[in-house]
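To start, the structure itself, in structure tokens.
Nothing in this text is a laboratory measurement; each read-out follows from the coordinates by a stated rule. No experiment lies behind these values; they were computed from the predicted model shown. Cβ: placed from backbone, ideal geometry, glycine included. Neighbour counts: every protein chain shown.
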Amino acid sequence: MFIRNERSIKEFIQYYPVTSVLVIVFMALWLIIDFLQLPFGNLIYQWGAGNNFFVDQGQYWRLVTPIFLHGDLMHMLFNSFALVIFGPALEQMLGKVKFLIAFLTAGIIGNIATFIFGPAEIFYVHLGASGSIYGLFGIYLFMLAFRKHFIDSGSRQVILIIFIIGLVMTFIGSNINSTAHIFGAIGGFLIAPIVLIRANPYSPWRNRRHFYREKDEGDVQFDPNRWQKKKRSKKIIWIIVGILVLIAIWNRL
């Protein structure tokens, strides 16, 4: 589920437009606000950052806009990389609209929880799509518990390990909105039964059916290298896990 078989960025964007647009928005806003430091970028930050004090004053859009902003380069890269790895399978399974709704809903739930349980000081600011990312994990966890036919055994191991590592980092790291992480995951878990209605199991062949090499009579040919490919895929999955862990650790230093 988490091995990318797309042959180009163009192909990835074509198959997973919502995931692609979200990552592009993350990167574009980081470039505008942090890298180029454009004047209107500072305005975007001032009006988009999560701030409980201003939400209490009626600026309710701040329950949504922090999802698209990030504190620094590593924060943006970690969330973007996690979305590229874990978003496409869900986007295919749920469909574009339900996937976007699930992503935003989990992030908003995390930000509402931050407003309720977080400090109300004017200087407290929170940013990032982490609540939404954890919401995706919440949906995967629901599948692990109640919809096991949607997810293969190797992917189950990856989800559990990444989620456990994420929880550990949430509580031991500094400057982390742990409330958004936890309630984002809870939100994803709670909305999973709704968004998974009429969902289809993920299939790497659904986008690229020409991978099936068929005989003239319609039978699929036997691939003698399929077991080697499976082993290679498992190695790639664990490399991905390692990269995510390293980025997370580096971002907490």
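With a cut-off of 15 Å between beta carbons, the residues surrounding F123 carry a summed charge of -1, where Lys and Arg count +1 and Asp and Glu -1. Would you mind classifying region 61-108 by shape? Square roots of the alpha carbon gyration tensor eigenvalues, ordered a ≥ b ≥ c; an a/c under 1.5 is rounded, otherwise it is prolate if a/b is larger than b/c and oblate if not. The shape class here is oblate. Taking the Cα atoms of region 3-52, the ratio Rg/Rh between the radius of gyration and the Kirkwood radius comes to 1.16. Amide H contacts under 5 Å for G50: H126, restricted to partners 5 or more places along the chain or on a different chain, H placed in the peptide plane at 1.01 Å from N. Rounded if a/c is under 1.5, else prolate if a/b is larger than b/c, else oblate: which is region 8-133, with a ≥ b ≥ c the root eigenvalues of its Cα gyration tensor? Here region 8-133 falls in the oblate category. The trypsin sites (Lys or Arg not before Pro) of region 128-206 that DSSP puts in a loop, and whose beta carbon has at most 12 other beta carbons within 10 Å, are R198, R206.
The Cα atoms of region 157-198 give a gyration tensor whose axes a ≥ b ≥ c have a/c of 1.5 or more with a/b no greater than b/c, which makes the shape oblate.
Rounded to 0.05, the FRET efficiency of the L144 and I13 pair, given R0 = 35 Å and the Cβ-Cβ distance, is 0.75.
The modelled label-to-label distance for the pair D152/I194, using points 7 Å beyond Cα in the direction of Cβ, is 3.2 nm. Label separation (F117 vs L31): 3.7 nm, computed from points 7 Å beyond Cα along the C-beta direction.
As a proxy for reagent exposure, ranking R62, R7 by other Cβ atoms within 10 Å from fewest up yields R7, R62. The 3J(HN,Hα) values that the Karplus relation (6.51, -1.76, 1.60; θ = phi - 60°) gives for region 27-39 are, in residue order, 5, 5, 5, 5, 4, 5, 7, 9, 7, 7, 6, 5, x Hz. Gly and Pro appear as x.
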